[in-house]
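The values are calculated or read from the model by the stated rules, or taken from the named source; none is laboratory data. Remember, it's a predicted structure, so these values are computed and weren't measured experimentally. Cβ placement follows ideal geometry from the backbone for every residue including glycine, while neighbour counts extend to all protein chains displayed. Protein only, heavy atoms only, side chains kept; ligands, DNA and RNA dropped before computing areas. Shrake-Rupley method; radii C 1.70, N 1.55, O 1.52, S 1.80 Å.
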Amino acid sequence: MDLRLRGRKAIVCAASQGLGKASAMTLAREGVELVIVARRRDVLDSAADEIESATANRPHTVAADVTSQEGREAILAACADPDILINNAGGPPPGDFRNFGRDDWIKALDGNMLAPIALIKATIDGMIARKFGRIVNITSHAVKAPVAMLALSNGARTGLTGFVAGLARSVSEHNVTVNNLLPGTFDTDRLKSNLAALARNSSRSVAEVTEEVRASNPSRRFGHPDEFGATCAFLCSTHAGYITGQNILIDGGAYPGTF
Ligand code: NAP
């Protein structure tokens, strides 16, 4: 399917690896002009090389921290008027909430709630004026089915989710959509570090915990980042203009509810 995105401009945050990179890759294939963002310049440049060699479409790169004001200014200097905004950042550390202090909470809120809101604020009025906008926030399955060990993530991302629920309905008439994508267990570095933490907490080997988590998923596997990227790109497409304010879980069937 042609997503009818050729020539559109996109900012993809936290896109040097994992789910952000996979989303950028699919958008690049569709002919979108991309700005990809991450903090480590070397990893970001490698991602740009990989995307260019796979798609013949080289993304612009901005080495920046999305949680800082300067970082966001650098992103917007590279692309002030995106048609597509993919909000993403690293997930907060797992752990017992008793061990987290105010600074930990502020960091989690900065990364997983306030940075996305700031980028939405800076870009949405241009989308409204141009009558096309697609905003996708990468959140987590933990928004729908909280995991106790991911206390910071559960809290911060649910705040963003509440904000988006109100916002999405107020901009829909302008062909601007705002949705959240909720990854389950995707085979990325973030998953590996969560599995390592789970192994430490339960005094088991990483291999044992990895196998247990993999086998407990109804699909008996982890998700491939490219599956995530394709869903993200579809939500950005012209065809997805009637999908807004949704929380779309991609988890191989792990969530057991009817809805
Ligand atoms: P990942 O493989 O660890 O990749 C994280 C990416 O984010 C890297 O490119 C990293 O590059 C960049 N990044 C992190 N913090 C940043 C910041 N402050 N500013 C700019 N870039 C930043 O993670 P992932 O698995 O793709 O996960 C993406 C998001 O989905 C995370 O929030 C994660 O918690 C969430 N999630 C993932 C899963 C899963 O199974 N993979 C499940 C649920 C939720 P630099 O370090 O160079 O900045």
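Here are the numbers for this structure:
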{"read-out": "First in the stretch 225-244 and more than 19 Å from Met25 (Cβ to Cβ), second anywhere and open to solvent by 30 Å² or more (accessible area, probe 1.4 Å), Cβ under 8 Å, 6 or more apart", "value": "Thr238/Arg4; His239/Met1; His239/Arg4; Gly241/Asn175; Thr244/Arg169; Thr244/Ser172"}
{"read-out": "Matching residues in the stretch 94-144 - criterion: being at pLDDT below 95 and assigned to a loop (DSSP other than H, G, I, E, B)", "value": "Pro94, Asp96"}
{"read-out": "Output for the stretch 112-142, where each listed residue is within 16 Å of the ligand (Cβ to nearest atom) and open to solvent by 30 Å² or more (accessible area, probe 1.4 Å)", "value": "Met113, Leu114, Ile117, Ala118, Ala122, His141"}
{"read-out": "Residues of the stretch 150-188 classified as over 18 Å from the mean Cα position of the chain (by Cα), closer than 18 Å to Thr244 by Cα and within 16 Å of the ligand (Cβ to nearest atom), total", "value": "0"}
{"read-out": "Every pair of residues 6+ apart whose Cβ atoms lie under 8 Å, when the first sits in the stretch 189-209 and is within 23 Å of Leu19 (Cα to Cα) and within 8 Å of the ligand (Cβ to nearest atom) while the second is at pLDDT below 95 and open to solvent by 70 Å² or more (accessible area, probe 1.4 Å)", "value": "none"}
{"read-out": "Among (1) surrounded by 17 or more Cβ atoms within 10 Å (Cβ to Cβ); (2) near the ligand (Cβ under 10 Å from one of its atoms), the one test that Val147 misses", "value": "(1)"}
{"read-out": "Spans of helices (runs of 4 or more DSSP H) in the stretch 156-259 with at least 3 residues open to solvent by less than 70 Å² (accessible area, probe 1.4 Å), among the hydrophobic types (A, V, I, L, M, F, W, C) and out of contact with any Ser or Thr (no Cβ under 8 Å at 6 or more places or on another chain)", "value": "189-201"}
{"read-out": "Only one of Ser216, Ser202, Ser193 that is of a type in the set (Ser, Thr, Tyr) and at pLDDT 95 or above", "value": "Ser216"}
